[in-house]
Amino acid sequence: MFKAMGTNGSSVLQVQVGSGSFSTSGYTSQAWSSTGSSVVSTGIYITTAMSSGYVMTGTMTLSLIDSNTWIATGIVDLENATSVGFQTVGRTPTLSGALDRIRVLAVNGTDTFDTGSTINILYE
C-alpha cells in the first residue's frame with residue numbers, strides 16, 4: 001500500500017522482488033492510464049508518469065501463481081494538477097527460492113522519496 005508518496009525527480013516507480021538478491025530483469029509488466037501506457041522488464045511499474053511534486057496513493061497485490069513466480073495487480077491515483085489513475089499488471093521472473101525481499105524504487109535508480117506517510121507491506 002502506498003499513501004501520499006512522492007519523489008524528488010521524474011523517474012517512474014517500480015517494484016522489484018527477490019530470493020537472496022533482487023531480480024532486476026525478466027519481468028513482464030505494463031501500466032496504463034488515460035494518458036498512455038508503458039511496458040517494462042526491470043520490475044513491475046507502479047506508474048507511467050512521475051514528477052517532483054506528484055503524490056501517489058494506491059495498492060499493489062502480489063499473488064503466488066506457481067512455485068516461485070508471482071503476478072501483480074495494482075491501482076494507483078497520481079495527484080497533481082490533474083489527477084490521473086493507473087492500473088498495473090505484471091509477472092515476476094521465476095525466483096531461485098521463496099520470495100524474501102521487496103523494494104520500491106525509481107527506474108533511474110537515483111530519484112528518492114521526499115514525501116509521504118506510508119509504504120506498507122502485508123503478507124500471509
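The values are calculated or read from the model by the stated rules, or taken from the named source; none is laboratory data. If you're wondering where the values come from, they're calculated on a predicted model, not measured in any experiment. Neighbour counts are summed over all protein chains in view; Cβ atoms, including those assigned to glycine, are modelled from backbone coordinates with ideal geometry.
If you filter the stretch 23-47 down to residues that are out of contact with any Phe, Trp or Tyr (no Cβ under 8 Å at 6 or more places or on another chain) and farther than 14 Å from residue 107 by Cα, you find that the one that is modelled with the highest pLDDT is 26.
Quick check on the stretch 1-27: of everything there that is part of a strand (DSSP E or B) and among the β-branched types (Val, Ile, Thr), which residue is nearest to residue 93 (Cα to Cα)? Among them, the one singled out is 17. Could you tell me whether the stretch 61-81 includes any residue that is of a type in the set (A, V, I, L, M) and within 15 Å of residue 105 (Cα to Cα)? No, the stretch 61-81 has no match at all.
Checking each residue in the stretch 7-51 for being among the small types (Gly, Ala, Ser) and within 13 Å of the chain's Cα centre (by Cα) picks out 11, 29, 31, 38, 41, 43, 49.
Filtered by the rule that a residue be more than 10 Å from the chain's Cα centre (by Cα) and crowded, with 16+ Cβ neighbours inside 10 Å, the stretch 52-67 gives 54, 55, 56, 57, 58, 62.
Against the condition in contact with a Ser or Thr (Cβ under 7 Å, 6 or more places away or on another chain) and without any contact (Cβ under 8 Å) to a residue 60 or more places away in the chain, how does residue 63 come out, does it pass?
On the way: in contact with a Ser or Thr (Cβ under 7 Å, 6 or more places away or on another chain): no; without any contact (Cβ under 8 Å) to a residue 60 or more places away in the chain: yes.
Considered against the rule, which asks whether it is in contact with a Ser or Thr (Cβ under 7 Å, 6 or more places away or on another chain) and without any contact (Cβ under 8 Å) to a residue 60 or more places away in the chain, residue 63 comes out as no.
Taking the stretch 93-113 as the range and being part of a strand (DSSP E or B) and within 13 Å of the chain's Cα centre (by Cα) as the test, the residues that pass are 102, 103, 104, 105, 106.
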